[in-house]
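Data first, discussion second: the structure below is written as structure tokens.
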Amino acid sequence: MKKYIILTSLLAVLIGQNGCQQQEFLNPSSVSQSQAVSSPDGLITLANGLQYRFTTGGALSVLYAGTAGAGLTTRELAVLNVGNTDEANMALGSSNVNNGNSIVRNIWTQGHLVRSNAELILANTGVVSDAGTKSGIVGYASIFRALALGTIAQFFEQSPVTTGTNAPFVARVQVLKDAVASLETAATQVASAPVSADFTSKAVPGIDIANTIQALIARYSLFAGDYDKAIAAAAKVDLTKKSVFNFDDNTRNPLFEFTFGNLNVLQPTNANLGLTGALAPNAADRRLTFLTKVSSNTAVTPVMASAYYTANNAAIPVYLPGEIVLIQAEAYARKGDLTNAVAQLNKVLTKTAAQDAFGLGAALPAYSGANTADAILLEIFRNRTIELAYQGFRLEDSRRFSRPGPGATGSERNRNFFPYPLTERNNNTATPADPSI
């Protein structure tokens with residue numbers, strides 16, 4: 001993201017939210033909401049604001065909160081300074097994670113702001129006459145609506161999917177299906193008219209709209225248990241293409257800026273990414289040295305995160321090629337098609353750095369374990385925990401793969417879902433009871 005784009009976006013985005021309720025806050029130095037949605041350029045500016053809210057702001061960003069929430073809950077990440085109270089409580093888990101926790105609040109509040117702003121854009125695309133420009137706007141807004149809803153569904157049992165007074169909650173599977181439905185509509189629009197050069201020249205660069213739509217359909221269909229749809233969408237993703245959130249020294253990579261670039265907040269638990277026992281990585285796995293580096297102060301932590309978090313201007317993947325392949329492997333395994341599941345799993349196991357768009361490769365032998373669904377799914381889970389380290393998926397994956405939960409022997413996570421933030425409970429009478437863990 002470039003500074004001039006973001007500053008324009010901040011002036012244009014005038015949408016506030018209180019308990020999933022939408023208000024317009026007029027600013028004499030900025031245009032009104034009605035002006036912003038009355039032209040294609042206004043909608044593109046608002047679309048750029050979606051990425052700004054989702055990705056930037058350090059600890060305020062959904063990217064940071066989702067990574068920290070999943071990583072601390074599953075011991076993928078460790079707290080270096082207990083003065084970071086909310087992170088420390090997240091690492092303790094159980095009742096220590098309350099509805100005033102900032103990580104809980106930021107996933108929810110910032111996520112719903114992105115969702116509601118995306119919906120405002122989508123509701124006003126009738127002002128766009130050029131089909132290719134409309135494809136760009138619809139695709140971009142639908143991607144961020146899906147990312148917002150999909151992230152929320154990974155951490156909360158239920159959520160609203162609309163904006164309004166006392167917005168009703170729906171089950172998380174329905175939240176995921178709603179995200180997929182938006183993406184499918186966008187896919188139809190983009191297929192009918194390729195994204196225009198006019199949109200591309202004005203949008204924040206980095207996101208491959210057509211491939212990202214299919215990648216997210218695959219991701220959230222898998223999470224929702226729709227394996228056929230996940231396989232079909234994943235097969236449409238061009239794995240040679242990158243789709244990234246771009247940053248610079250003014251709009252900074254939130255994970256490098258706030259945590260991975262220092263030794264004061266969070267870092268990987270260890271060089272094995274917190275994995276032990278049957279999940280411990282193969283010592284020859286070359287992904288480990290891509291994902292971690294020796295700490296600059298081993299008295300504080302043994303390793304530091306590297307990968308996509310090495311500088312303020314380092315780009316963060318929207319999805320990884322290995323994720324798309326592992327989606328297919330898991331979906332096939334859950335359908336009982338073990339031959340195709342192993343074929344897809346082997347693509348990740350044997351992939352070298354040179355064969356991956358981001359330089360992430362295990363370079364390991366092909367799978368040689370038992371030809372059973374349980375054994376193959378365990379290996380798929382292990383590879384997701386490594387291939388997708390620091391991507392915010394480990395809590396979702398831990399539940400979905402039925403790994404030992406809170407209170408169980410060998411527990412691998414300290415909560416199942418997060419409580420609903422106090423900001424929502426105080427403003428929405430439809431808020432359900434909090435989960436116990």
| said: Any residue at all in the range 408-431 that's closer than 27 Å to Asn340 by Cβ, modelled with pLDDT of 95 or more and crowded, with 23+ Cβ neighbours inside 10 Å? | reply: no
| task | Could you pull out the residue among Arg394, Arg400 that is out of contact with any strand residue (DSSP E or B) (no Cβ under 7 Å at 6 or more places or on another chain), farther than 21 Å from Thr259 by Cβ and either open to solvent by less than 10 Å² (accessible area, probe 1.4 Å) or of a type outside the set (Val, Ile, Thr) (or both)? | result | Arg400
| Got a sec? Which of Glu412, Glu396, Glu424 is part of a loop (DSSP other than H, G, I, E, B) and touching a residue at least 12 places away in the same chain (Cβ under 8 Å)? | Glu412
| query | So, of the residues in the range 52-90 that are polar (S, T, N, Q) and free of Cβ contacts under 8 Å to residues at least 60 places away in the same chain, which turns out to be surrounded by the most Cβ atoms within 10 Å (Cβ to Cβ)? | reply | Asn89
| message | Restricting to the range 164-206, name every residue that is in contact (Cβ under 8 Å) with a residue 60 or more places away in the chain, in a helix (DSSP H, G or I), of a type outside the set (S, T, N, Q) and open to solvent by less than 30 Å² (accessible area, probe 1.4 Å). | response | Phe199
| query | Do you know which residues across the range 135-163 are part of a loop (DSSP other than H, G, I, E, B) and either free of Cβ contacts under 8 Å to residues at least 24 places away in the same chain or not charged (D, E, K, R) (or both)? | reply | Phe156, Pro160, Val161, Thr162, Thr163
| query | Checking Ile380 against (1) closer than 18 Å to Ala224 by Cα; (2) open to solvent by 10 Å² or more (accessible area, probe 1.4 Å), which test does it fail? | reply | (2)
| request: Could you tell me whether any residue of the range 312-334 is free of Cβ contacts under 8 Å to residues at least 24 places away in the same chain and farther than 21 Å from Leu273 by Cα? | output: no
| request: Taking the options Gly126, Gly132, name whichever one is in contact with a helix residue (DSSP H, G or I) (Cβ under 8 Å, 6 or more places away or on another chain) and assigned to a helix (DSSP H, G or I). | output: Gly132
| said: When you scan the range 14-31, do you find a residue that is more than 23 Å from Thr423 (Cα to Cα) and either open to solvent by less than 40 Å² (accessible area, probe 1.4 Å) or at pLDDT 95 or above (or both), even just one? | reply: yes
| task | For the range 207-227, name all the residues that are open to solvent by 30 Å² or more (accessible area, probe 1.4 Å) and farther than 13 Å from Val318 by Cβ. | result | Gly225, Asp226, Tyr227
| said: Residues that are more than 16 Å from the chain's Cα centre (by Cα) and open to solvent by 10 Å² or more (accessible area, probe 1.4 Å): does the range 146-156 have at least one? | reply: no
| field | From Lys241, Lys236, residue being out of contact with any Gly (no Cβ under 8 Å at 6 or more places or on another chain), surrounded by fewer than 18 Cβ atoms within 10 Å (Cβ to Cβ), in contact (Cβ under 8 Å) with a residue 60 or more places away in the chain and under 21 Å from Ala357 (Cβ atoms) | value | Lys241
| Does at least one position in the range 235-255 carry a residue that is closer than 14 Å to Ile324 by Cβ and in contact with an Asp or Glu (Cβ under 6 Å, 6 or more places away or on another chain)? | yes
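The values are calculated or read from the model by the stated rules, or taken from the named source; none is laboratory data. Keep in mind it's a predicted model, so treat the numbers as computed, not measured. When we count neighbours, we look across all protein chains shown, and the Cβ atoms used for this are built from the backbone with ideal geometry, even at glycine. Note: accessible area is taken over every heavy atom of the protein model, side chains too, but ligands, DNA and RNA are not part of it. Shrake-Rupley method; radii C 1.70, N 1.55, O 1.52, S 1.80 Å.
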